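Step one of this worksheet: look at the structure below.
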Amino acid sequence: MSAGLVHRYIPNTAPGVREQMLAEIGVGSVDEIYEEIPAELRFAGRLDLQQEPRSEADVAREITAILGKNRTTDDLLSFLGAGCWPHYAPALVAEVMGRSEFLTAYGGIEVNDHGRFLAVFEYQSMMGDLLEMDVVAAAVYDGTTASGDAIHMASRITGRKELVLPRLMDPDRLSALLNYNGPWFTPVFVEFDPATGLMDLADLTAKLSDRTAAVYLENPTYLGTVETQAAEISRIAHAAGALLIAHVNPASLGVLAPPGQYDADIACGDGQPLGLPISCGGARLGVLACKNEVRFVHTLPMTMVGILPTTVPGERAYTWHALFDRIFYGEREAARSFSGTSSFLNAIGAGVYMALLGPSGMVDLGTANMQKAAYAARRIGGLQGVKAPVFAGPHFNEFVVDFSGTGKSAAEVNAALLERGILGGKDVTKEFPALGAAALYCVTENHTQSEIDRLVDAIGEVTR
Amino acid sequence: MTTIDPKSPAAEGAPADRYLEYSAIDTGYRAVRWHEKTLYEQSRPGSTNAILPAVEKGIVDAVGDVVAALPAAARRARPPEMPELSEPEILRHYIRCSQMTYGYDSGNSMGLGTCTMKYSPRINEQLAALPEVKALHPLQPEETIQGILEIMYGMRNWLCELAGMDEVTFQPRGGGHGAFTDACMIRAYHHARGEDFRDEIITCAVSHPCNPATASAAGFKVISLYPDEVTGELGIDALRAAISDRTAGIMMTAPYDTGVFDSQIAEYARLVHEAGGVVSLDQANFNGVMTRMRAGDLGADMVHFNLHKTFSTPHGSYGPGAGAVAVKKAFRDFLPVPVVEFDGSRYHLNSDLSNSIGKVGTFMGMVPNVVKAYAWVLAMGAEGLREASEWAVINNNYLIKKLLEVRGLDISWPNRRKLQEARFSLAKLHDETGVGTLDFNYRLADFGVQTYFESHVPRIVPEPVTPEPTESISKEDVDQFVAAFHHISAEAYSNPEIVLTAPHRSIVHREIHDYENLTQVPFTWRVWKRTHPDG
Amino acid sequence: MSERSGGAGPTAGAASTEPGGGPDAGVATRRRIGLIVNPLAGIGGRVGLKGSDGAETVALALALGAVPMAGARAAETLRLLAEGAAPGGLRGHLPGGHSPEIDLATYPGEMGEVVAREAGFVPTVLGSIQTGATTGADTRQAAEDLLSWGADLLLFAGGDGTARDVFAAVGGRVPVVGIPAGVKIHSGVFAVNPRRAAELVTEFLAGRAGLEDREVMDIDEDLFRAGIVSARLFGYMRMPYRRALVQGAKSGNPGGPSTLRDVAFGVLAEMDRDPGAYWILGPGTTVKAVAHELGIEKTLLGVDLLHRGRLVAVDVNEAQLLAFLARKPESVRARLVVTVIGGQGYLFGRGNQQLSPAVIRAVGREGVVVAATLDKLHALGGPLLVDTGDAECDAYLSGHIKVVTGEVDRVVWRVTA
């Protein structure tokens, strides 16, 4: 028994309260209540855990000491991206996300939580503007589950059994999509043009049929190229009676064509680049949007915040209340989904980011990423034996570098760069052996010219 | 709190307010009610904020206008119609929004049952915001992230110990995602054994709806069992009617959302195992039984926890949360990759599990929340965990005792003692006064406490009320909640109009659902603007 | 996993949940309600007469001191309806400003006029009656007249006999809500009590309720009085219903979690697992929906026989079923699809007496597929019932049974005698 323990997180552990409350309940000890659990199932052993509570100072000291073993991207010059992109995070984003009310709210309704619903509605609205899509979900878990949700919608809407995907995809994302959509779909892969890495449109046309539920494209692609044929892919997909799902990077949409512009039916992506920290891959925001038609909105497997009238004429309620019935909270197994508690705080943060940048800032963001990545690719490509970018055509903020001509593997290059305080690009040699000694480099607006030049010099040194 | 903008139309109140006596409505509380316009309505075209660094001239000169060089079809044709405001205006807007949000820290959130609303220690937020977490990339070489791997491995060990299990993944991003991970592993397990014909998952009506929903998302048929009217348990006979040679597994819960602990649960696990099925346990309701009961000892093969409930990581306005799935040794091989391993001196990420289901989400999951949960367990210790669970149970039973004195309110399965929460019913009040649980809940908002959770579906208990006073709740909090219930019940019997037209003192009045389908509800400003040209 | 997954999406085939005939959103319109009170309904009950059908029974009941109840029950519903537009009424469910105004028409005197005026309505009064001696013919005439008047909904107070009369006059042409006031309430067209009746009408008028087919059933009172329960299924009328089981307020989703079509798909999945079997299809809309998905026109009230997707016999009686079961090859199984009949939750023994104990035994308990929407099961609030007239057979059927409630959904429900 630990009845004597007074714990700082448990107000009632102050002396005397327990006796008073147990007396009110009419039991001698809490063990009488625990008799609800059959004796043979009650754990009686001693757990192999630290037994005693620790003070706040001790917790802080111990964890800081452990975390001190990490080397961070503040210390190392990092060119890692591959789905987790190092953009500048404005001060206001952390400030607003740290507001205690946003941080700790959860299941209330609009009469108490109107403010967070307004903030989420504004996220949906600005994301809708960026995407040029009319309906945006509040937030799903991450970009990968957003793709899974989009594909699921296509299954329910069309009843068709085949999904057409680009061959050049993040294998991890593909794995998750097959877990999510495997029971409903046969994946059909479209080959890529070896020069550009983009979808081979002849192959796409050949693989479409009346079995095709949707064509899923990524723009930019996993390997950083801009899918310049999106409008043409959309036309081909629709001609076959299939839907078009576009997975996009919201940070690119100030400059790249938004999904609405090429008539995508469902758009998805990850909102992490909108001012959210890389956080070891933790800070994600699943973006999911669709056209404002019943067949889409009614199959969207996540709640949205909408505006409803109230009993007072002219008053607006920002509320999620209307939309629960359609997701698993209302329909259980018929909803066929897994999105519950998702990423609202990150949606609010991304909203702050979009509001701060505004339309012109989003153009600046997209332009800076493209320019800096182009600069880095061009300079790296100028090194002896190094090919960059591997694919022709425009890139957003990532590109593939092939070190084959230097006789070094991508892993060897990365190891040598690390010795010089640099985190090289993601080694994609195992994922795509055909690309050679390949690594995927990420350069954003937040890399300076001198940092890029330092990388170029270092690669030059280690591949010499 | 006071009304800030008496000129707002909302401040004038519902038509009902005009003929109800002010003294009858007044509770001494008024929510902060800013007459806050959207950013769009405040927009001042041309406002910009120089947040991002300018691109260096050397770069611009070298690469030129790369955007203009894009093919026209690949380029954005028109700028996004987003709001344009200065930084201080934006901050003020969001501060006002936050003031119109009822966080855990704002007051008394014990009404939100099944949510396990507890204090999220701020030291944990500070630790997770250190550059050693925030500025880590998930693809960094192992040798540069030994600290974060050590914390993940430590949390893994603790969860294994608390669950009576052998391995853990943190990849799921919430409870529903955790249940889905279980369903995928069950599918992979039968597939590996050549038993794909097993296509039925058994679950129950008094657990979270994510159990049936994720089972069906994974391709299974779902058989739901209902609690017995007397015992609140599923019963062996009902389970036998559900089990067949097609049984893939059971997704069970202990205790249920009703607070009832099913005394036969170990027998259910045994019967399902006997039929060749897998046993998954949903421990969303773990908060009342920490150190008292272990999933593995009940016969579960796999179990999922919500770090954002039991383990104190903040709810974040509805996420990001974090799920953790723990499994017995026999299922380790089916886990999503990577798993964290320790060789005695260094930590490793192992992505080489032969039957792995692969990925269910990106990277390693919500890593910052693992840091926060780790800090919480460190602050609690085994003794603190036990104490916390005891207080969740004591507070709940004290609440039950007090709340049952409220006229018109009953409890489901009154013959059973409840653990962490209980499902009450206002059916009697509804029959006698016409005031239902939704009306009651709206009125509760006038008392400065958070509204309560009514019930998951199916609503077996009519006019349901499901609060959950965790260990973070004080006796005074419970007394305040109960006093509001007495007040509202008395109103329902004497002047039901007050309750039927509530809320009167909160941020907005009750919403009207007057649409035929969801396309008529604006979910973005662009749609609102189109359908409301005059604002 | 089924071939039928996805497909039409959630908007299709929601036979049981299409929106009610409410007004346009936010526009206060006038709606027409026809009211029928069967003043003599229920008077047999209090004096132990098991029903009130027939002039002799009524006379006997009155002689025994029976007090008519239907008027009082109807008055309660009307009072709540009248308050709907005023403070304190049903505004909890229907916020002010959005209540449509009600035009009420009814029959004279004790057939509705009196209670309507008491509740504050100014009713249009149609027809004529002989006070103190109304009959089923008056109910039928009233229903016809009110339909001609243009009623959007018929609200009637009575029992199974009254429901039969209304059904005989108007069939499925207008939605109805029954206020339970009779001795026999086996039909599904009654609200649980007068308050719920008022709520249903309110929800319907506001366009918030779904409409679904509900059974009109009645028991032969002469046999009933002799201790023999013999319920017949006469047909179906449409009744508004409120999905009380959903989170918060209204869904806005035209498809529910468990529509008839979903249930039908679920039964077809069971049939796919046993493709060679003979399938005996019991009566009712749920089973008819299954046949419909197979492209087959099944009898609504009869028992039909299906083999490999084709009807081989329709509207068979017990003897024909038994003869067939005796003739079929040993190796071929016989299966049986039944649904819940009536408001009380009967699986066997009400409206499907063709499915006798002998038939049930021949099929076996494991051969029975029970199909029902989840809403219907939840509305029961209790176990499924069997009353085959054979205690042994009832015991054999009792326990827990799997019920198909959707394409991928099954629930386990208790069965008792």
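Values in this text are rule-based calculations from the coordinates and carry no lab data. Just so it is clear, the structure is predicted and the values come from calculations on it, not from any experiment. When we count neighbours, we look across all protein chains shown, and the Cβ atoms used for this are built from the backbone with ideal geometry, even at glycine.
From the backbone phi of region A:300-315, what are the Karplus-calculated ³J(HN,Hα) couplings (6.51 cos²θ - 1.76 cosθ + 1.60, θ = phi - 60°) in whole Hz, Gly and Pro given as x?
5, x, 8, 6, 10, 9, x, 9, 10, x, 10, 5, 9, x, x, 7
Calculate, for residue A:412 and residue A:384, the FRET efficiency according to 1/(1 + (r/R0)^6) with r their C-beta to C-beta distance and R0 22 Å; round to the nearest 0.05.
After rounding to 0.05, the efficiency reads 0.85.
Using only alpha carbons, build the gyration tensor for chain B and give me the equivalent ellipsoid semi-axes, biggest first, whole Å.
Ellipsoid half-lengths, sorted descending, are 39, 37, 23 Å.
Cα centroids of region C:266-284 and region B:399-439: how far apart, whole angstrom?
If you average the Cα positions of each part, the centres end up 43 Å apart.
For region A:1-116, compute the orientation-averaged projected area of the C-alpha convex hull (one quarter of its surface), in nm².
Over every viewing direction, the Cα hull of region A:1-116 projects on average to 14.4 nm².
Suppose each label sits 7 Å from its Cα in the direction of the beta carbon; what would the residue B:333-residue A:62 distance come out to in nanometres?
That separation, rounded to one decimal, is 3.6 nm.
Kirkwood Rh and Cα-based Rg: tell me the resulting Rg over Rh for region B:133-205, rounded to two decimals.
Ratio value, two decimals: 1.09.
How big is region C:260-416 on each of its three principal axes, counting only the C-alpha atoms and giving the largest first in Å?
Principal axes ranked by extent give 40, 34, 26 Å for the Cα atoms.
Can you work out ³J(HN,Hα) from phi for every residue in region A:105-117, in order, using Karplus 6.51 cos²θ - 1.76 cosθ + 1.60 and θ = phi - 60°, giving whole Hz and x for Gly and Pro?
6, 7, x, x, 10, 4, 5, 10, 10, 3, x, 6, 5
Give, in whole angstrom and from largest to smallest, the semi-axes √(5λ) of the equivalent ellipsoid of region A:91-353, with λ running over the eigenvalues of the Cα gyration tensor.
Sorted largest first and rounded, they come to 31, 20, 16 Å.
With the contact rule set at Cα under 8 Å and sequence spacing of 6 or more, what percent relative contact order holds for region A:91-353?
With pairs under 8 Å counted, the relative contact order is 29 percent.
When the label point is put 7 Å from the Cα of residue B:415 along its Cα-to-beta-carbon vector, which residues of region B:441-474 have a backbone N closer than 20 Å?
Only B:460-462 fall inside the zone, counting backbone N under 20 Å.
If R₀ is 51 angstrom, what is the calculated FRET efficiency for the pair residue C:380 and residue A:420, using the beta carbon separation as r and rounding to 0.05?
My answer for the efficiency is 0.10.
In terms of modelled amide H atoms, which long-range or inter-chain residues lie less than 5 Å from the amide H of residue A:423?
A:77, A:78, A:79
Size of the dipole of region B:317-403 about the Cα centre, Lys and Arg at +1 and Asp and Glu at -1 on the beta carbon, nothing else charged, in debye to 20?
280 debye
Along the positive direction of the dipole of the protein assembly as shown (beta-carbon charges: Lys, Arg +1; Asp, Glu -1; about the Cα centre), which of A:202, B:120, A:103 reaches farthest?
The residue sitting farthest along the positive end of the dipole is A:202.
Amide H neighbours of residue A:227 under 5 Å, at least 5 residues apart or on other chains, H built in the peptide plane: list them.
Amide H neighbours of residue A:227: A:221.
Report the charge-dipole magnitude of region C:322-417 in Debye, nearest 20, computed about the Cα centre from +1 at each Lys and Arg Cβ and -1 at each Asp and Glu Cβ.
Roughly 220 debye, rounded to the nearest 20.
What is the Rg over Rh value, at two decimals, for region A:370-427, using alpha-carbon atoms and the Kirkwood definition of Rh?
We get a ratio of 0.96 for region A:370-427.
Hand me the GluC sites (Glu not before Pro) from region C:250-342 located in a DSSP loop with no more than 13 other Cβ atoms within 10 Å, in residue order please.
Sparse-neighbourhood loop GluC sites (Glu not before Pro): C:297, C:330.
Name the residues of region C:355-394 whose amide N is less than 19 Å from a point 7 angstrom out from the Cα of residue C:328 along the C-beta direction?
Within reach of a label on residue C:328, which here means backbone N under 19 Å from a point 7 Å along Cα→Cβ, region C:355-394 contributes C:355-371.
With the convex hull built on the Cα atoms of region B:97-149, state its orientation-averaged projected area in nm².
The number I arrive at for region B:97-149 is 5.9 nm².
Starting from the Kirkwood radius over alpha-carbon pairs of chain A, derive D by Stokes-Einstein at 25 °C in a medium of 0.890 mPa s and give it in µm² s⁻¹.
Taking Rh from Cα pairs, D becomes 99 µm²/s.
Can you give me the three principal axis dimensions of region B:381-535 from its C-alpha atoms, in Å, biggest first?
That gives 60, 45, 30 Å along the principal axes, largest extent first.
Would you mind checking region B:409-449 for residues with the amide N under 19 Å from a putative spin-label position 7 Å along Cα→C-beta of residue B:231?
Counting backbone N atoms under 19 Å from the label point, the list is B:412-419.
Could you go through region B:266-281 in sequence order and give the Karplus-derived ³J(HN,Hα) for each residue, using 6.51 cos²θ - 1.76 cosθ + 1.60 with θ = phi - 60°, rounded to whole Hz, and x for Gly and Pro?
5, 5, 4, 4, 4, 5, 5, 4, 4, 7, x, x, 9, 10, 10, 10
How big is D, in µm² s⁻¹, for region A:11-65 by Stokes-Einstein at 10 °C and 1.306 mPa s if Rh is the Kirkwood radius over C-alpha pairs?
The calculation lands on 108 µm²/s.
Return the distance in nm (one decimal) between the two label points of a simple spin-label model at residue A:8 and residue C:63, each offset 7 Å from Cα along Cα→Cβ.
Computed distance between label sites residue A:8 and residue C:63 equals 8.8 nm.
With the crude spin-label approximation of a point 7 Å out along Cα→Cβ, what separation in nm comes out for residue A:48 versus residue A:24?
4.1 nm
Taking a 21 Å limit on the Cα-Cα distance, which of the listed pairs B:328/B:359; A:387/A:426; A:161/C:298; A:207/A:387; B:329/B:359 fall beyond it?
The answer is A:161/C:298; A:207/A:387.
Relative to the compact-globule scaling 2.2 N^0.38 Å, provide the ratio for the alpha-carbon radius of gyration of region B:83-220.
1.47
Rounded to two decimals, what is Rg over Rh for the protein assembly as shown when you use alpha-carbon atoms and the Kirkwood radius?
Ratio of gyration radius to Kirkwood radius for the protein assembly as shown: 0.98.
What number in nm² do you get for region A:353-449 if you take the convex hull of its Cα atoms and divide its surface by four?
Taking the Cα atoms of region A:353-449, their convex hull projects to 7.2 nm² on average.
Given the Cα-Cα distance of residue B:351 and residue B:405 and 0.36 nm per residue of separation, how much length would full extension add, in nm?
13.8 nm
Nearest 0.05, what FRET efficiency do residue B:342 and residue B:530 give at R0 = 41 Å with Cβ-Cβ as r?
0.10
Once amide H atoms are built 1.01 Å from N in the peptide plane, which residues 5 or more positions from residue A:445, or in another chain, come under 5 Å H to H?
For residue A:445, the qualifying residues are A:369.
Multiply the residue gap between residue B:516 and residue B:95 by 0.36 nm, knock off their C-alpha separation, and tell me the result in nm, one decimal place.
148.1 nm
Debye calculation, C-alpha points only, no solvent: report log10 I(q)/I(0) for region C:339-417 at q = 0.14, 0.15, 0.18, 0.24 Å⁻¹, in the same order as the q values.
Normalising to I(0) and taking log10 leaves -0.40, -0.47, -0.68, -1.20.
Taking the alpha carbon gyration tensor of region B:248-399, what are the square roots of 5 times its eigenvalues, largest first, to the nearest whole Å?
26, 23, 14
Are there GluC sites (Glu not before Pro) in region B:200-267 that DSSP marks as loop and that have at most 12 other Cβ atoms within 10 Å, and which are they?
none
Which value in Å does the Kirkwood hydrodynamic radius of region B:207-252 take, with 1/r averaged over all unlike C-alpha pairs and then inverted?
11.6 Å
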